[in-house]
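Right, one structure below, let's go through it.
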Amino acid sequence: MKAHFKRVPAVDKTFAILDLVSQSKEPLGVSEITRALNFNKSTVFNITHTLADLEILKQAPDNKFGLGIKFYLLGRASRIGSDIINSVHPYLEMINQKTRLSAFLGTRSGLHAIILDKVDTAFDIKISSEIGMRLPLLAGAGGKALISLFSDDEVDKILFQNRLKRYTRSTCVDKDKFKKMIKKIRMEGLAVDKEEYIEGIRALAVPLKINSGNPQFAIWAVGLKGQIKNEVIGQYSELLKKIAAEIEIRLTDE
């Protein structure tokens, strides 16, 4: 028997906004949402900013809204997942099988890289992190790959407002050198972490250049120093870049 209840209009409007934003290829502003749904502008303003505060939506610098990190995490938790997670997961499995390294898909939320998905099937040894785990954006291969997707002005703003924290003896704490590092990643399509975040741990990451309406995404492979020796970095790098190119084509076609 269906329960009797009083429908909450604010919830209906919230999901209408989420549905609209999720179907849009580009972030939407409050005025655009208001016109599309014929809602009161102040209602849309309050709902969108509340959702952004909850990280369900992400507010862009131009005050437009796209899907936020928690939207993707909720989708992952429900086993339905987003198109991106479903599309990328087989490639994470491929990386794990071919390199025996732990493979991750992540996105940016504020000053953190958030793990959305992983494949870390145990071989002899593995590096494991949990889905939803937050990593510093300004350290490690994944964070640098994500930052490489920003404009120069955005990178300058982040570095102006934040200091580079030293995690190990290899961490880059010079802002000028860091910016040169980001430019090199843009050119080569690859970020490398040789014990910059954690002693004894190395990582390789590639940014995913997909629809600008989405948050930034990157994939990375992590292992012990003995697993990512200098002589295999070139081989693993080419594999990751090839996979990134395939993912970009697949998601663009979709």
Seminar exercise, completed: A student applying the Cα gyration tensor rule (rounded when a/c is under 1.5; otherwise prolate if a/b is larger than b/c, oblate if not) would label region 9-67 rounded
For this session: Counting helices only, and only those DSSP H runs with n ≥ 4, report the 222 nm mean residue ellipticity of the chain as the sum of -39,500 (n - 2.57) divided by its residues, in deg cm²/dmol to the nearest 500.
Result: -15000 deg cm²/dmol
For this session: Would you mind working out the magnitude of the charge dipole of the chain relative to its Cα centre, with +1 at each Lys and Arg C-beta and -1 at each Asp and Glu C-beta, to the nearest 20 Debye?
Result: 440 debye
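Using only the Cα atoms of region 81-253, build the gyration tensor, take square roots of its eigenvalues as a ≥ b ≥ c, and label the shape rounded, prolate or oblate: rounded if a/c is under 1.5, else prolate if a/b is larger than b/c, else oblate. Walk me through the intermediate numbers first.
Numbers: a/c = 1.56, a/b = 1.13, b/c = 1.38.
In terms of gyration-tensor shape, oblate.
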Problem set entry | the chain, relative contact order [Cα under 8 Å, separation at least 6], % | 16 percent
For this session: Evaluate E = 1/(1 + (r/R0)^6) for LYS229 and ALA16, where r is the Cβ-Cβ distance and R0 equals 51 Å; express this FRET efficiency to the nearest 0.05.
Result: 0.45
For this session: Give the residue from GLY226, LEU239, LEU251 lying farthest towards the positive end of the charge dipole for region 213-254; charges sit on Cβ (+1 for Lys and Arg, -1 for Asp and Glu) and the dipole is referred to the Cα centre.
Result: GLY226
Problem set entry | Within a Gaussian network of the chain (alpha carbon springs, distance under 10 Å), most fluctuating of LEU57, LEU204, LEU164 | LEU164
For this session: At most 16 other Cβ atoms within 10 Å and a DSSP loop assignment: could you name the trypsin sites (Lys or Arg not before Pro) in region 152-254 that fit?
Result: ARG163, LYS165, ARG166, ARG169, LYS225, LYS229
Exercise. Of all chymotrypsin sites (Phe, Trp or Tyr not before Pro) in region 143-224, which ones are in loop regions per DSSP and have a Cβ with at most 11 other Cβ atoms within 10 Å?
Worked result: none
Exercise. Magnitude of the Cβ-charge dipole of region 9-67, K/R +1 and D/E -1, about the Cα centre, nearest 20 debye?
Worked result: 140 debye
Exercise. Stretch LYS6-ASP53 to full length: gain in nm at 0.36 nm per residue minus the Cα-Cα span?
Worked result: 14.2 nm
Problem set entry | DSSP-assigned coil residues among trypsin sites (Lys or Arg not before Pro) in region 20-121, each with at most 16 further Cβ atoms within 10 Å | LYS25, ARG79, ARG100
Exercise. Long-range amide H contacts for SER109: which residues qualify at under 5 Å (H placed 1.01 Å from N, peptide plane, sequence gap of 5 or more or a different chain)?
Worked result: ILE114
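Label region 162-246 by shape, choosing from rounded, prolate and oblate, from the square roots a ≥ b ≥ c of the eigenvalues of the Cα gyration tensor; if a/c is under 1.5 it is rounded, and otherwise prolate applies when a/b is larger than b/c, oblate when it is not.
Working: a/c = 1.91, a/b = 1.13, b/c = 1.70.
Oblate is the answer for region 162-246, as a/c is 1.5 or above yet b/c matches or exceeds a/b.
Read-outs throughout are calculated quantities, based only on the coordinates presented, and are distinct from any laboratory measurement. Bear in mind that the values here come from a model prediction, so they are computed numbers and not experimental data. Because the Cβ atoms are built from the backbone with ideal geometry, glycine has one as well, and the counts that use them run over all protein chains shown.
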